[in-house]
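In what follows, a structure is listed as structure tokens, so that the remarks can point back to it.
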Amino acid sequence: MNYQHAFHAGNGADVVKHAALALILAYLNRKDASYRVLDTHAGAGLYDLAGATAQRTKEADGGIEKVLAADLPERAATLLAPYLDAVRALRADGSRRYPGSPALGLALGRPQDRFLFCETNREE
């Protein structure tokens, strides 16, 4: 299968997966002990949602863009905060960049934590 992450970056499935990853990392960060993360389907790690590839499908419009524009209930905003804070920090320059799991992990990880990102798709 030739799956290219860039066509689907920021879609609804990405939002769920990356929000869960961010919550797990935030929980792990509460402890002093270091941790290791192995991501076997990491993709390119960073995506331009304004770029031609993402614009062909516009899947992010119904995913991350919709979530960022939403007036979230307090509980949802609290749960999504680690993830959305990382996305917003990446976009502080006004871009429409989107962090895949590698960029998200590195943004939320600490110096003592270790990450290994793998991808078999050569185009990624």
Scan region 15-42 and report the pairs whose first residue is of a type in the set (A, V, I, L, M) and whose second residue is part of a strand (DSSP E or B) and open to solvent by less than 70 Å² (accessible area, probe 1.4 Å), with Cβ atoms within less than 7 Å and a gap of 6+ or a chain change. 37/115; 42/117
Of all residues in region 102-119, how many are exposed (fewer than 15 other Cβ atoms within 10 Å of the Cβ) and either within 12 Å of residue 25 (Cβ to Cβ) or in contact (Cβ under 8 Å) with a residue 12 or more places away in the chain (or both)? 5
Please work out which residue is modelled with the highest pLDDT, limiting yourself to region 87-107 and to residues that are assigned to a helix (DSSP H, G or I) and closer than 14 Å to residue 17 by Cα. 87
When region 62-73 is examined, which residues are found to be part of a loop (DSSP other than H, G, I, E, B) and under 13 Å from the mean Cα position of the chain (by Cα)? 63
When you look at residue 110, is it out of contact with any Phe, Trp or Tyr (no Cβ under 6 Å at 6 or more places or on another chain), on the phi < 0 side of the Ramachandran plot, modelled with pLDDT of 95 or more and among the charged types (D, E, K, R), yes or no? yes
I need the full set of residues from region 1-50 which are open to solvent by less than 40 Å² (accessible area, probe 1.4 Å) and among the hydroxyl-bearing types (Ser, Thr, Tyr), in order please. 35, 47
For region 73-101, how many residues meet the condition of being under 20 Å from residue 124 (Cα atoms), buried (at least 20 other Cβ atoms within 10 Å of the Cβ) and not aromatic (Phe, Trp, Tyr)? 3
Any chance residue 16 is among the hydrophobic types (A, V, I, L, M, F, W, C), modelled with pLDDT of 90 or more and in a helix (DSSP H, G or I): yes
Has region 51-61 got at least one residue that is part of a helix (DSSP H, G or I), open to solvent by less than 40 Å² (accessible area, probe 1.4 Å) and in contact (Cβ under 8 Å) with a residue 40 or more places away in the chain? yes
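The values are calculated or read from the model by the stated rules, or taken from the named source; none is laboratory data. Bear in mind the structure is a predicted one, so any value in this text is a computation, not a measurement. We place every Cβ from the backbone using ideal geometry, glycine too, and count neighbours over all the protein chains shown. Ligands, DNA and RNA are stripped out before the accessible areas are found, and what is left, the full protein with its side chains, is counted by its heavy atoms. Shrake-Rupley method; radii C 1.70, N 1.55, O 1.52, S 1.80 Å.
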